[in-house]
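Report on the following structure.
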Amino acid sequence: VLGGRVVGIVEAKKLTLAMRLSLRELLSPKITVRPVYDYEKFLGKKAAKSRKPSASNFVNWDIALGSEYIHHAFKELADNEDWARALPELMSDLTSLLQDVLDLMAELNGASRLSDLSYIRQPSIAKHEQNSDLYDWTALINLLRDAWAGSLRDNPARAVQEASRWESIDYPLFRRMVFYAMAVSDIYSPQQQIDRLLADEGYWLWTVETKHEVMALIRAKYAAYPQAEAAVLEKAILDGPPTSLYRTDVAPEVLTRVMDLAVLEKLQLFGTALSEEALARRS
């Protein structure tokens, strides 16, 4: 059904309002539920009661879209020039749909401003071999990425506007979208990139929620940073991640070792473009 309706939209050459609404209906998220496991049976009564209260204590839920086989349908359109031209017109709709997905997750305690686990469902915003088609809703990430790329090519001001909108949507997935946009374009200045990386006391620089896109951004852009911005980022990395990112019951020596490894991992991205202090720390 989806494939046929999308092909019809593409063949029409121009997206009317009715077509956009039809496609949005097909891509709208909904909650699916399944019976929950009997945790008392598998964990014991005491352990089951100690689990944090959550909707998942009562049902297993997931997010589906209004039509199935979404990934397959859009892969068939990947080389269609008419679809490529139409896709940027859907960019705002796709942002809204993806926000709807995360808002539904948040209602079920599955997403928050600091964690949405999107990096597990889709490890990379960019095309990557680790990405899978296991979750239909992650097709929205791919579509939005490609719509934004088309807009950046044909209407850069519109792409800048949409990236600014992403910054106002308070979920890690949209932070990842912004970092991706920074890595593949020049619409953010080095100072703006540093400001976003170090926001919330450096949380986004270090959290696993945004790790892939942060590493890609540093790898792509650090060499071109002016000395002042490069020094600020280097110092933030040498200072290490905030202890608030880690469990409070970890032994101090273990925590120190984990934090040192996190610092070294990022310093490896810089090659030799480091201060003497950083080079010494890396070695």
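Things worth noting here:
- Accessible surface for TRP61 stands near 40 Å², nearest 10, in the context of the full protein assembly shown (1.4 Å probe).
- Under 18 Å from the Cα of LYS127 - aspartates and glutamates, other chains or at least 8 residues apart: GLU76, ASP79, ASP136, ASP146, GLU209, GLU213
- Under 19 Å from LYS211, Cα to Cα: aspartates and glutamates that are on another chain or at least 8 residues apart: ASP116, GLU129, GLU167, ASP170, ASP195, ASP200, GLU201, GLU234, ASP239, ASP260, GLU265
- Sorted largest first by accessible area at a 1.4 angstrom probe radius, with every protein chain in place, the residues MET182, MET259 fall in the order MET259, MET182.
- Inter-probe distance in nm under a simple model that places probes 7 Å from Cα toward Cβ, at ARG85 and ALA64: 3.6 nm
- A probe of 1.4 angstrom, applied to the heavy atoms of all protein chains, finds VAL232 with accessible area near 70 square angstrom.
- Measuring r between the beta carbons of MET215 and GLU25 and using R0 = 30 Å, the FRET efficiency lands at 0.20.
- Karplus-based coupling profile of the stretch 157-173, in residue order and whole Hz: 4, 5, 5, 4, 4, 5, 4, 5, 5, 4, 5, 8, 9, 8, 9, x, 4, with θ = phi - 60° in 6.51 cos²θ - 1.76 cosθ + 1.60 and x standing for Gly or Pro.
- Residues SER132 and THR256, FRET efficiency given R0 of 25 Å [Cβ-Cβ distance, rounded to 0.05]: 0.10
- Using all pairs of distinct alpha-carbon atoms, the Kirkwood hydrodynamic radius of the stretch 178-219 works out to 10.2 angstrom.
- Size descriptor for the stretch 195-283, Kirkwood hydrodynamic radius: 13.6 Å (Cα pairs only, one decimal).
- On the principal axes of its alpha-carbon atoms, the stretch 67-211 has extents of 44, 35, 27 Å, going from largest to smallest.
- Ranked order, VAL101, VAL160 - accessible area, probe 1.4 Å, largest first: VAL160, VAL101
The values are calculated or read from the model by the stated rules, or taken from the named source; none is laboratory data. Bear in mind the structure is a predicted one, so any value in this text is a computation, not a measurement. Positions of Cβ are generated from backbone atoms using ideal geometry, with glycine treated the same way; all protein chains shown enter the neighbour counts. Quick note on the areas: whole protein, heavy atoms, side chains included, nothing else; ligands and nucleic acids left out. Shrake-Rupley method; radii C 1.70, N 1.55, O 1.52, S 1.80 Å.
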